[in-house]
Amino acid sequence: MINCYKILGVRQDATAAEIKKAYRLKAKEFHPDTSHSADSEKFRQLVKAYEILSDSRQRSIFDASFFSQFDFRTKPKDSFDYHEWLSKRTDYESRAKLIFFDLMHHREDEAVSEFKRMCVNHVDFSLKHWFSREDFMDYGYILAEELTIRGEYYDAIILLEQIIRMEYSYSYFRLFFPEVLDFTLSILKRNIDGYINDELAIDVWERALDLGFKAEENAFFLRKMAQAYKRIGDVRTASICMEEAARLCPQKNLS
């Protein structure tokens with residue numbers, strides 16, 4: 001039986017976020033289309049290991065079967081409490097690292113709460129300044145998922161926008177970028193209209209116009225903007241948005 005944890009390079013108690021991040025990094029290393037050190041068999045095993053560990057039921061079955069043959073003894077905890085140390089610091093870097101630390105250690109509520117607090121109290125606070133591109137994309141995406149679960153759709157979109165713009169600034173292969181775009185588009189289509197106020201909704205859809213979506217999607221955003229502008233009494237701007245939507249995608253034009 002293969003050791004899924006060893007293949008992914010994670011501990012037995014790895015969180016779902018850690019497993020996802022490990023898979024993303026190793027997939028880039030072994031994928032036949034993207035790496036000089038590509039190994040199709042290793043990539044196949046990697047995909048299989050990820051499928052098992054990313055599914056809670058399959059992971060439980062694997063753990064029960066694989067680790068029953070070993071005797072794991074509890075190791076003494078490190079005397080240094082990194083979480084406590086970060087919690088006592090007030091600089092932006094420490095608060096940013098605390099958010100991702102909580103996110104990776106089953107403290108999702110605390111991570112979201114701290115992220116919201118920092119964004120409200122410090123308009124210049126940004127997570128992307130304190131992490132590598134890969135870490136910001138992986139952890140930022142997971143944080144956006146948690147924000148969405150809690151109905152914080154505006155904040156999720158702003159975070160995803162930063163990830164998308166960062167990805168566009170790099171020319172090399174983006175293995176997981178379609179996942180980010182699909183998730184962002186899903187929120188834009190399903191969780192903005194009627195969920196946040198019209199002013200914020202207009203801001204979100206306007207931002208979306210610059211994120212590289214297809215013309216049909218941009219026409220959808222413009223029509224939604226037109227409806228919101230009408231509701232707030234700006235008929236002229238609503239008309240401009242509808243005209244632009246019709247130009248981009250005439251067959252989808254709505255009266």
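Residue under question is TYR154, and the condition is that it be in contact with a Leu (Cβ under 6 Å, 6 or more places away or on another chain) and either touching a residue at least 40 places away in the same chain (Cβ under 8 Å) or of a type outside the set (A, V, I, L, M, F, W, C) (or both); does it hold? Yes: the conditions hold for TYR154.
Scanning the stretch 195-236 for residues that are touching a strand residue (DSSP E or B) at 6+ places or on another chain (Cβ under 7 Å) and not basic (Lys, Arg) yields one hit, ALA201.
Residue check: is ILE202 of a type in the set (Val, Ile, Thr) and either under 16 Å from ALA245 (Cα atoms) or exposed (fewer than 14 other Cβ atoms within 10 Å of the Cβ) (or both)?
Here the answer is yes, as ILE202 does meet what is asked.
Each residue in the stretch 180-202 was checked for being part of a helix (DSSP H, G or I) and without any contact (Cβ under 8 Å) to a residue 24 or more places away in the chain, and 3 of them qualify. Of the helices (runs of 4 or more DSSP H) lying entirely inside the stretch 1-105, those carrying at least 1 residues that are at pLDDT 85 or above, under 28 Å from LEU143 (Cα atoms) and hydroxyl-bearing (Ser, Thr, Tyr) are 4-8, 16-30, 40-53, 82-87, 92-104.
A quick yes/no check of all residues on (1) modelled with pLDDT of 95 or more; (2) closer than 30 Å to MET118 by Cα; (3) in the same structural domain as SER126 (by TED's automatic domain parsing); (4) under 14 Å from the mean Cα position of the chain (by Cα):
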| residue | (1), (2), (3), (4) |
| --- | --- |
| GLU152 | yes, yes, yes, yes |
| ILE163 | no, yes, yes, yes |
| ALA208 | yes, yes, no, no |
| GLY233 | yes, no, no, no |
| PRO250 | no, no, no, no |
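Every test in (1) assigned to a helix (DSSP H, G or I); (2) surrounded by fewer than 22 Cβ atoms within 10 Å (Cβ to Cβ); (3) within 16 Å of the chain's Cα centre (by Cα) is passed by PHE115 save one, and that test is (2).
The values are calculated or read from the model by the stated rules, or taken from the named source; none is laboratory data. None of these values were measured; they are calculated from a predicted model. Note that each Cβ is placed from the backbone with ideal geometry, even for glycine, and that neighbours are counted across all protein chains shown.
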